[in-house]
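Report on the following structure.
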Amino acid sequence: MPYNTSAIPPSEEVTGHSALPLSRVKKIIRLDDDVNGCSNNAAFLVTIAAEMFVQYLAEQGLKMTYGDRKQRKTMQYKDLATAVARVENLEFLADVIPPTVPYKQVRERKNNKTVKDTEAGQLTLNGQRILPVGSSNGRKKGSAKSGAIVVANGKEKGANGDKSDEVEMS
């Protein structure tokens, strides 16, 4: 087990070397259709800027780690997501680093949405709305055929799926 686990502090001045590979950054720059060419100096500056951005993001995530009640030494995804949510400079990353949502909440939202959709009526494959069972559709009691499904376009489908006479909807 290593005896020194402290992080190496970043250098304050640019030495001509970057932690990010310059060749990869050049390849990424070439992928952009809007850029026709890029000099080595410009690619180096983009590399240094990307390195500084990653360092800033890590520092903000570390601040969120220290802000937690429990003093942790390991930065977690939730720390970066919190930093993106709280720091104004990082708001553009909200789509890339969204806050986590517990599975229980996702399941409850899905169940609530399903219940709302059922109450509002369901759609058939061709986009027609099927009225929910027991809903009032303006027809007299007992006027529907046995096993018929009433569709919002005013027609009903019989139990065997064939279209029958039009039904008045009010």
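Every number here is computed from the coordinates shown, using simple stated rules; none is lab data. All values reported here derive from a predicted model rather than from experimental measurement. Neighbour counts are summed over all protein chains in view; Cβ atoms, including those assigned to glycine, are modelled from backbone coordinates with ideal geometry.
Distance between the modelled labels on Glu88 and Phe53, one decimal in nanometres: 2.0 nm (7 Å Cα→Cβ projection). Computed on the range 16-118, with alpha-carbon pairs under 8 angstrom and 6+ residues apart, the relative contact order is 16 percent.
Each of Asn36, Gln71, Gln55 was placed along the dipole of the range 16-118 (beta-carbon charges, centred on the mean Cα), and the one lying farthest toward the positive end is Gln71.
Only lysine pairs 8 or more places apart or on separate chains count here, and in the range 16-118 those with Cα atoms under 16 Å apart total 4. Calculated FRET efficiency, Leu45 to Met75, Cβ-Cβ distance, R0 = 22 Å: about 0.20 to the nearest 0.05.
Please report the net charge: other residues with Cβ closer than 12 Å to the Cβ of Thr47, K and R +1, D and E -1. My count for the surroundings of Thr47 gives +2.
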